[in-house]
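Let me begin by presenting the structure, written as structure tokens, before commenting on it.
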């Protein structure tokens, strides 16, 4: 069984990764550049959706 604190930490890490991708998109990084830093297409999509939802 998974520990609650592990779930909270995992969620925080995921949120920070999305926030990092958002910052890169705002800095006009290309998808290829972001992927080269180890982020996934899913993370990029989530970040794009988040950015455009806040416009």
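Being over 13 Å from the mean Cα position of the chain (by Cα) and either on the phi < 0 side of the Ramachandran plot or surrounded by fewer than 10 Cβ atoms within 10 Å (Cβ to Cβ) (or both) is a description that does not apply to residue 47. Within the stretch 30-43, the set of residues being free of Cβ contacts under 8 Å to residues at least 12 places away in the same chain and either buried (at least 17 other Cβ atoms within 10 Å of the Cβ) or part of a helix (DSSP H, G or I) (or both) comprises 32, 33, 35, 36, 41, 42. Scanning the stretch 20-29 for residues that are surrounded by 10 or more Cβ atoms within 10 Å (Cβ to Cβ) and without any contact (Cβ under 8 Å) to a residue 12 or more places away in the chain turns up 23, 29. Answer yes or no as to whether residue 53 is in contact with a helix residue (DSSP H, G or I) (Cβ under 9 Å, 6 or more places away or on another chain) and without any contact (Cβ under 8 Å) to a residue 60 or more places away in the chain. Here the answer is no, as residue 53 does not meet what is asked.
All of the numbers you see were taken from the coordinates with simple rules; none came from a lab. Computed from a prediction, not measured in an experiment: that's the story for all the values here. All Cβ positions, even for glycine, are placed from backbone atoms using ideal geometry, and neighbour counts span all protein chains on display.
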